[in-house]
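Below is one structure, written out as structure tokens; the observations come after it.
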């Protein structure tokens, strides 16, 4: 830089030397626009690789996941790193690798360091565009391809004997754009999943998720265009027509006050019948809160005597705390697991929107049983219905997922981006400068982020970027809750 300001120009050799040093220190990342199909820019790229790019020996030494330097030594132990997978018609998966150390020959048996499986290298090629040239041996520093591997994914390492190298060069960015995907013909669902999983081998930044909770297949990508590419490939290459939908939001339900309910399940048909009666109290639960000695409802006092406590850590977050406070054997201890099972089945389908419920404490304090007719199913149904009734009277509220969002934006677009975020119910947490960009930190409901990558791109001419990660569940505003409940009720009527 000093030389440039002094002389106002640089010789080609000086530029070449400067760029080479920048590449070695990873301070410069050249970008080339190339179209192999129309032979545009290819020669310029090849000249740059030949004349400017530093030799492997000049670059910083490569380290494995344990931080040990691995020299590109032909006589060292064999290590191959797989950096790309493509799926080609009539061939299947083609796996591309770099020989990090040693040499590899056709017929070599290697071990997958990531999966523990054995692999045989049947055939090897060096690749130039669509042309594959068969070779018998590749050495450290060479890039090659192979086919018909059993269990090798992008990012895996294959090693020879007495070698346990593992490399972790590829860091995939987090997804920024999500859509629910379904085939136009329901019968093609299995075929679609098979194709999606195959395509993910080629591009691991397409993340496919089958959500049991939302009852949707979700596809996560880097942006709207990324998912449009997926749709184009499915429809043009695979002849499978699909459509995208808005992903449902994984709401949660909880309660805001204590409530009491009882329920008697009684069914009589020839022979033994069914009988179970459960009296319970529910209240919102926070970690470490004590159990009161008495509760008061409608002027009536209920004394509590804790006989047993069971904490259930829910797989969708939060807890259910189940307390046995039965005195005098009004319900036999052997029926308590059945009551808990009934309550859990209702926790999986909250009464407001059918979403998972969380953070509830249940105290079973009384009930009745019959010496002949009482059984587990009776108490399961009694517990389920008593819990459902109490939940509705306990000030039920809907919680929504809130995400921490960091937006990196040019300073001249800061006002526009901030205004857009506030329109998405965002809470701005702070601002700072980072690497020549303004960094905006906010908490935003997931519901408002569904098309954010597209909006941000159009607001800033593609100059801004963002990252988001889950933060917490918070209560939704009352107007949003009313709308969600109405939508759920309308959907249930339609299904009936």
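FYI, it's all coordinate maths here, none of it is from the lab. Since the structure is predicted, the reported quantities are computational estimates derived from the model, not experimental observations. Cβ placement follows ideal geometry from the backbone for every residue including glycine, while neighbour counts extend to all protein chains displayed.
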Q | Residues 232, 206, 316 arranged by fewest to most Cβ contacts within 10 Å | A | 232, 316, 206
Q) If packing is taken as the mean number of other Cβ atoms within 10 Å per residue, what is the order of 488-494, 112-118, highest first? A) 112-118, 488-494
Q. To the nearest 500 deg cm²/dmol, what mean residue ellipticity at 222 nm is calculated for the chain from DSSP H runs of n ≥ 4 alone, each contributing -39,500 (n - 2.57), summed and divided by the residues?
A. -7500 deg cm²/dmol
(Q) Could you tell me how many cubic angstrom of Cα convex hull volume region 398-479 has per residue? (A) 86
Q | Gained length - residue 472 relative to residue 136, 0.36 nm times residue gap less alpha-carbon distance | A | 115.4 nm
Q: Using only alpha carbon positions, build the gyration tensor of the chain, then give the equivalent ellipsoid semi-axes as the square roots of 5 times its eigenvalues, largest first, whole angstrom.
A: 58, 30, 23
Q: On a 0 to 90° scale, report how tilted helix 336-347 is relative to the longest principal axis of the chain, with both axes built from alpha carbons and the result rounded to the nearest 10.
A: 60
Q: Relative to the compact-globule scaling 2.2 N^0.38 Å, provide the ratio for the alpha-carbon radius of gyration of region 149-301.
A: 1.78
Q) Cα-Cα pairs above 16 Å in region 62-159: how many percent? A) 53
Q: Give the Rg (one decimal place) followed by the Dmax (whole number) of region 2-58, computed from C-alpha coordinates and expressed in Å.
A: 13.5, 43
Q) Using mean Cβ contacts within 10 Å as the protection proxy, how do 162-170, 41-49 order, highest first? A) 162-170, 41-49
Q) Helix 189-202 versus the longest principal axis of the chain: what angle, 0 to 90°, nearest 10, using Cα atoms? A) 40
**Q.** Residues of region 58-76 with amide N under 15 Å of a point placed 7 Å along Cα→Cβ from residue 20
**A.** 58-60
Q | Nearest-0.05 FRET efficiency for residue 7 and residue 169, computed from C-beta distance (R0 56 Å) | A | 0.90
Q) Pulled fully out, how much extra length does the chain show between residue 114 and residue 305, if you take 0.36 nm times their separation in residues and subtract their Cα-Cα distance? A) 63.4 nm
(Q) Taking the 0 to 90 degree range and rounding to the nearest ten, how far is the long axis of helix 224-236 tilted relative to the main principal axis of the chain, both from C-alpha atoms? (A) 80
